[in-house]
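The values are calculated or read from the model by the stated rules, or taken from the named source; none is laboratory data. In this text, all values refer to a predicted model and were calculated from it rather than measured experimentally. Positions of Cβ are backbone-derived with ideal geometry, glycine not excepted, and every protein chain shown enters the neighbour counts.
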Amino acid sequence: MKLCRYMILTLLVISTSACIQLGESVVPSQYYVLEPMTSNTDIYSDKSLVIAIELFNFPEYLKRPQIVQHQQNMIYFTDTQRWATSLEDQVLSLLTSNLAMLLPQATIIISPWQSNGHVDHKLQISVNKLSGALGQQTDIDIRWYNVDKNGKKHSGQFVDRRPINDSYEEFVRALNRGLDKLSKTLALELAKPEQ
């Protein structure tokens, strides 16, 4: 009987100690956000436009709180480096805010939820890649489709790669700069005169 109690107590101590991290400090998580442009001297159009924007494709592996590194055929996650909110929502919010700054007379609506009337442009965004590898480069690959009010379709592909160091702060800043550049590309497309 005593031997049985001793064995149970020993197993309990071993299993409990396996759950406790002795001597190791817990690394706190860091949270990141994408920021819209704060100032811009370029205005791409002063026309009064109604633009519906829709993010219709976003990779499943990016729909998680951890920041993703993608290198060749491998995807890496770390639990301590996280997005503060959904990356998908941040991208849509950033593009909407940036386009509103670059096209100050435009009304930007998020499609399909806010779209219930006339629109001059329906802009669809398909994110293929939005990642990279620390110490190497970021990798942004986004297709866009623009259908104007006359039904004319235009499309393009935006690719941006930026060298980065080994810090997540630089990684996020480089993604942010790439998405700012995409915003300017889209604003140029939306500001083109109708043909």
Can you name the condition, by its number, that residue 82 falls short on among (1) free of Cβ contacts under 8 Å to residues at least 60 places away in the same chain; (2) crowded, with 17+ Cβ neighbours inside 10 Å; (3) over 12 Å from the mean Cα position of the chain (by Cα)?
-> (3)
Where residue 88 falls short, out of the listed (1) among the acidic types (Asp, Glu); (2) in a loop (DSSP other than H, G, I, E, B); (3) at pLDDT 95 or above | (2)
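I'm trying to understand the selection: among the residues of segment 143-178, which are more than 21 Å from residue 49 (Cβ to Cβ) and crowded, with 17+ Cβ neighbours inside 10 Å? If you could, list the steps in order and put the result at the bottom.
In the first step, residues of segment 143-178 are kept if they are more than 21 Å from residue 49 (Cβ to Cβ); the result is 143, 157, 159-178.
The answer is 160, 162, 164, 168, 171, 172, 173, 174, 175, 176, 178.
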Exclusive hit being buried (at least 17 other Cβ atoms within 10 Å of the Cβ), of a type in the set (A, V, I, L, M, F, W, C) and more than 17 Å from the chain's Cα centre (by Cα), set 140, 109 = 109
Among the residues of segment 142-154, count how many are over 18 Å from residue 96 (Cα atoms) and either of a type in the set (S, T, N, Q) or in contact (Cβ under 8 Å) with a residue 12 or more places away in the chain (or both).
-> 4
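Out of the residues in segment 85-99 that are touching a strand residue (DSSP E or B) at 6+ places or on another chain (Cβ under 8 Å) and surrounded by 17 or more Cβ atoms within 10 Å (Cβ to Cβ), which is farthest from residue 34 (Cα to Cα)? Break it down stepwise before answering.
Kept after step one, since they are touching a strand residue (DSSP E or B) at 6+ places or on another chain (Cβ under 8 Å), are these residues of segment 85-99: 87-88, 90-92, 95-96, 99.
Those still in the list that are surrounded by 17 or more Cβ atoms within 10 Å (Cβ to Cβ) too: 87, 90-92, 95-96, 99.
Working: 87: 8, 90: 6, 91: 7, 92: 10, 95: 10, 96: 13, 99: 15 Å.
The extreme case among them is 99.
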Give segment 144-165 a look and list any residue that's at pLDDT 95 or above and part of a loop (DSSP other than H, G, I, E, B), or say none.
-> 161, 162, 164, 165
In this structure, is residue 105 assigned to a loop (DSSP other than H, G, I, E, B) and closer than 24 Å to residue 39 by Cα?
-> yes
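On the given criteria, is residue 39 among the hydroxyl-bearing types (Ser, Thr, Tyr), in contact with a helix residue (DSSP H, G or I) (Cβ under 9 Å, 6 or more places away or on another chain) and assigned to a loop (DSSP other than H, G, I, E, B)? Show your work before the answer.
Values: among the hydroxyl-bearing types (Ser, Thr, Tyr): yes; in contact with a helix residue (DSSP H, G or I) (Cβ under 9 Å, 6 or more places away or on another chain): yes; assigned to a loop (DSSP other than H, G, I, E, B): yes.
Against the criterion (among the hydroxyl-bearing types (Ser, Thr, Tyr), in contact with a helix residue (DSSP H, G or I) (Cβ under 9 Å, 6 or more places away or on another chain) and assigned to a loop (DSSP other than H, G, I, E, B)), residue 39 qualifies.
Yes or no: residue 53 modelled with pLDDT under 90, among the β-branched types (Val, Ile, Thr), surrounded by 10 or more Cβ atoms within 10 Å (Cβ to Cβ) and closer than 24 Å to residue 177 by Cα?
Numbers: modelled with pLDDT under 90: no; among the β-branched types (Val, Ile, Thr): yes; surrounded by 10 or more Cβ atoms within 10 Å (Cβ to Cβ): yes; closer than 24 Å to residue 177 by Cα: yes.
No: the conditions fail for residue 53.
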Among residues of segment 56-74, those that are loosely packed, with under 13 Cβ neighbours inside 10 Å, over 13 Å from the mean Cα position of the chain (by Cα) and within 24 Å of residue 31 (Cα to Cα), counted | 1
